[in-house]
1. Go through the range 74-99 residue by residue and tally those that are among the hydroxyl-bearing types (Ser, Thr, Tyr), surrounded by 17 or more Cβ atoms within 10 Å (Cβ to Cβ) and under 19 Å from Asp250 (Cα atoms).
2. Could you grab me the full set of residues in the range 69-89 that are touching a helix residue (DSSP H, G or I) at 6+ places or on another chain (Cβ under 8 Å) and not in a loop (DSSP other than H, G, I, E, B)?
3. Given the criterion open to solvent by less than 10 Å² (accessible area, probe 1.4 Å), touching a residue at least 40 places away in the same chain (Cβ under 8 Å) and touching a Cys at 6+ places or on another chain (Cβ under 9 Å), identify the matching residue among Val189, Val164.
4. Just one of (1) among the small types (Gly, Ala, Ser); (2) at pLDDT below 95; (3) out of contact with any Ser or Thr (no Cβ under 9 Å at 6 or more places or on another chain) trips up Gly94, so point out which.
5. Which residue is most open to solvent (accessible area, probe 1.4 Å), if the candidates are limited to the range 235-294 and must be free of Cβ contacts under 8 Å to residues at least 40 places away in the same chain and polar (S, T, N, Q)?
6. With the structure loaded, tell me whether Ser42 is surrounded by 24 or more Cβ atoms within 10 Å (Cβ to Cβ), out of contact with any strand residue (DSSP E or B) (no Cβ under 6 Å at 6 or more places or on another chain), among the small types (Gly, Ala, Ser) and over 18 Å from Arg106 (Cβ atoms) or whether it fails that test.
7. If you check Val305 against the conditions, is it more than 16 Å from the chain's Cα centre (by Cα) and of a type in the set (A, V, I, L, M)?
8. Is it the case that some residue within the range 110-132 is surrounded by fewer than 19 Cβ atoms within 10 Å (Cβ to Cβ), aliphatic (A, V, I, L, M) and over 12 Å from Leu7 (Cα atoms)?
Amino acid sequence: MAKTVTLGEIMLRLSTPNYKRFVQADSFDVVYGGGEANVAVSLSNYGHKSYFVSKVPENPIGQAAVNHLRRYGVSEDYILRGGDRLGIYYLETGASMRPSKVVYDRANSAFSLSNADEYNWDEIFKDCSWFHFSGITPALGEDVAKLTKIACQEAKKRDVMISVDLNYRANLWSPEQAQKVMTDLMQYVDVCIGNEEDAELTLGFKPGNTDVVSGDLELEGYKNMFKQMKEKYDFKLVVSSLRVSHSASDNGWSACAYDGKDFYHSKEYQIRLVDRVGGGDSFAAGLIHGLLRGDNFKNALEFAVAASALKQTIPGDFNMVSEAEVEKLKGGDASGRVQR
């Protein structure tokens, strides 16, 4: 399988148990996760040589985060040690009409204070087939934005395929800040992934009259938006996940993509959510895996949607499913019957 590299921050996640609100909780469930780390775990589960580029503090909490990645086969070879703290995020899981909430405590984390000179890019991108990052990483600060750009330049010099998940986070930066940084990074990107909100807030493109709250998806608007994005940035593939939020507990889930010739809308799944965090990351990883194994973009998209539908039934950030399990759902078995 291929060597894949992702760049980003892994954080300590503290979740309220049993759907409690923050003000009710007297304990938290502990896991570790973060956009690009989640992608790395999925790619490792699919059999790729998966590497995560990051920095964690040289203390037991930093080591616990690394151990969590190692458990799922992700290499720690390019994870630096140093700095004072690991970023934290708190999650209050919503239900029915009450939405989930995230509170960040990640200022001055080890990774957010790292810089490009600390990393050995020759070694990182040696024999690498795919590099992935998200819009969360350059949002962490000016130095990290420069680091992300240099990583893209180093990958592009070696003809590595590059994908981005636009992943706009209002808690980290404004649309004006995001567009200033992200539009500059798009010159290096081959595969652009992001939902309708991400595309509008990070790149300034809007998909017609789509309203994901009401469930009114105007697919022609996505097609026109994708054409504009490809014309401006020359992406090889433009992709959007499509989430229809019936409530915090029930979502419709599908995706669409455009390769410059064909526009394709995937099968839609109706999901009773267990944990939607990491759903987009598992989608990105599924798409990357499908493309790396030689699928056409339509089959890769169907794999990605099925993989991410399964993830949202699993607690935690990581998508702990096998390729065979995804293929079974992709093939039409969504019965959920007990296997024994």
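The values are calculated or read from the model by the stated rules, or taken from the named source; none is laboratory data. Since the structure is predicted, the reported quantities are computational estimates derived from the model, not experimental observations. Because the Cβ atoms are built from the backbone with ideal geometry, glycine has one as well, and the counts that use them run over all protein chains shown. Please note that ligands, DNA and RNA were not included when accessible areas were found on the heavy atoms of the full protein model with its side chains. Shrake-Rupley method; radii C 1.70, N 1.55, O 1.52, S 1.80 Å.
1. Matching residues across the range 74-99 total 1.
2. Leu69, Ile79, Leu80, Arg81
3. The conditions single out Val189.
4. (3)
5. The residue in question is Gln270.
6. Working: surrounded by 24 or more Cβ atoms within 10 Å (Cβ to Cβ): yes; out of contact with any strand residue (DSSP E or B) (no Cβ under 6 Å at 6 or more places or on another chain): yes; among the small types (Gly, Ala, Ser): yes; over 18 Å from Arg106 (Cβ atoms): yes.
Yes.
7. no
8. Among the residues of the range 110-132, at least one is surrounded by fewer than 19 Cβ atoms within 10 Å (Cβ to Cβ), aliphatic (A, V, I, L, M) and over 12 Å from Leu7 (Cα atoms), which makes the answer yes.
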